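Worksheet: one structure, shown below.
Laboratory data are not the source of any read-out in this text; all were calculated from the coordinates shown. None of the values given here were measured: they were computed from a predicted structure. Counting neighbours? That spans all protein chains shown, and the Cβs are built from the backbone with ideal geometry, glycine included.
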Amino acid sequence: MTPRGRKKLFNVLRIALCAGAMWIVIGGVTVNDEVTLKDGETVIAGSIVEMGDPLRIVTVDGDEKSYTHAELALDTNQKPLVSLGLKATWQRSAKLLLLAAIAIYFPIVFLQGLRIQWLLRAQEIEIGYWDSIKLSIAGNFLNFATPLGSNAGDVFKAYFLSLHTDRKTEAVTTVFLDRVVGLATLLTIVALITVFSSSDSRLAILRPYMLGMLGAGVVGGLVYFSPWARKHLIPRTWLAKLPFFEQLQRIDQATHALAGHLTVVLGAVFLTAVLQAIAVGAYFVIAIALELEANMGNVLEYYAYFCTGVVVQALPGPPQGLGTVELTYKYFLAPYGSVSQIVCVAVAIRLMVLICALPGLLVTLTGSYKPEASSQPNDDTSSEAEKADCSEVSAHRISTV
């Protein structure tokens, strides 16, 4: 199969996965509220007047009815089986809390900019804080507002960061390492939450997967940085024949350079934990605004569920995990609200992230992410620096791989 054929097949699979997931999710969505009686009958309500005992509703025909809890079917938590529809979810939502979620989420980009600036300094690349923020804002916009998926922003940042320095390979590698730090921190926190959660929690199903991914990452890191493994397991002769071998060496050196700056690594992990907590806090506020059962007693569960959605979103598949993220939320958040409420949460989160990423449109249109002409590395200087770096790397050859 040709590369173009494989790409088409992959796109077809992505669309099919998205359509299948959305079909499963939408199957449980209702426009109006639904009340289930003890005999199994479902009463469609135009609106719910009072959620107490008795439950008072107005049907779609305009009739007002009342039901005691003894007449209603109960859910697994022994609460009346009442499912809010899309209409009621929006009408009853706390609009000010939805706006507050946007205000909570927006400062994340300032931490993202600081993190990439710190990581670049470990490679002896200096970039201004405002420049790093502009690149982060533009990258977020391309990640969330384009159908290219969550890699578009990383490719953008990698390319334009490379224009700010003559150490281009190290700049591109840093963008990749930035993503690794973020994912590793997220997996570690979620794994810890699942380990200390009760066995009857829905988090129990996540425990083996999170611990497995975390364990694989730890083992991979130990093997990669092990002098013995690098000496005996790496096919040096074969690698030396590759046309891009010198670039691989520089990538390897950049990774080791970051690992050698423990303070920078720990600082980046701390910033990541903070910005993830801010993001989940904004998601949690959205859940409260849409009247899901969200309180301090289950905040850690929400943290793990929302972070799992972030992991699903980053996996190869539909752009931005469209459909698969909603399906993930539908499973994990089922005890806390109706399918319609959960879908509204997913949509509200996507809209919030998109709104916060919109300033990136202005950055990309104006080209303000580009380095100023006076600060761009001179082509001749850059070329000589690249040659010098390559000569130095060639002297080390396999010893550093």
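So how do 184-191, 335-342 stack up, highest first, on mean other-Cβ count within 10 Å?
Result, highest mean first: 335-342, 184-191.
Taking the Kirkwood radius as the inverse of the mean 1/r across Cα pairs, report the Rg/Rh of the stretch 170-308.
Values: Rg = 19.2 Å, Rh = 17.6 Å.
So for the stretch 170-308, dividing Rg by the Kirkwood Rh gives 1.09.
Could you tell me which of the pairs 8/168; 8/330; 95/330; 65/87 are separated by over 26 angstrom between their Cα atoms in the structure shown?
8/168; 8/330
When the Karplus curve 6.51 cos²θ - 1.76 cosθ + 1.60 is applied with θ = phi - 60°, which whole-Hz ³J(HN,Hα) does each residue of the stretch 58-65 get, with x for Gly and Pro?
10, 6, 5, 8, x, 7, 9, 9
List every residue whose amide H lies under 5 Å from the amide H of residue 55, counting only residues 5 or more places away in sequence or on a different chain, with H placed 1.01 Å from N in the peptide plane.
Amide H neighbours of residue 55: 67, 68, 69.
Taking the number of other C-beta atoms within 10 Å as the exposure measure, put 127, 57 in order starting with the fewest.
127, 57
Any idea what the relative contact order of the stretch 99-383 is, in percent, if you count C-alpha pairs under 8 Å spaced at least 6 apart?
In percent, rounded to a whole number, it is 32.
Sorted by average packing, counted as other Cβ atoms within 10 angstrom per residue and highest first, what order do 302-313, 250-261 take?
On the way: 302-313: 21.6, 250-261: 17.9.
Ranking, from highest mean packing down: 302-313, 250-261.
Using alpha carbons only, how many angstrom separate the centre of the stretch 83-102 from the centre of the stretch 167-195?
33
With only alpha-carbon pairs counted, each pair once and no self-pairs, how large is the Kirkwood hydrodynamic radius of the stretch 161-238 in angstroms? Display every interim value, and only then the final one.
On the way: mean 1/r = 0.0654 Å⁻¹.
Mean inverse Cα-Cα distance, inverted, gives 15.3 Å.
Based on the alpha-carbon gyration tensor of the stretch 99-383 and its eigenvalue square roots a ≥ b ≥ c, which shape applies: rounded if a/c is under 1.5, prolate if not and a/b is larger than b/c, or oblate?
oblate
With a 10 Å Cβ neighbour count serving as the proxy for reagent exposure, in which order, fewest first, do 60, 12 appear?
Fewest-to-most Cβ neighbours within 10 Å comes out as 12, 60.
Mind listing the phi-derived Karplus ³J(HN,Hα) values for the stretch 95-106, rounded to whole Hz, using 6.51, -1.76 and 1.60 with θ = phi - 60°, and x for any glycine or proline?
Those phi angles translate into 4, 5, 5, 5, 5, 5, 4, 5, 5, 5, 6, 4 Hz.
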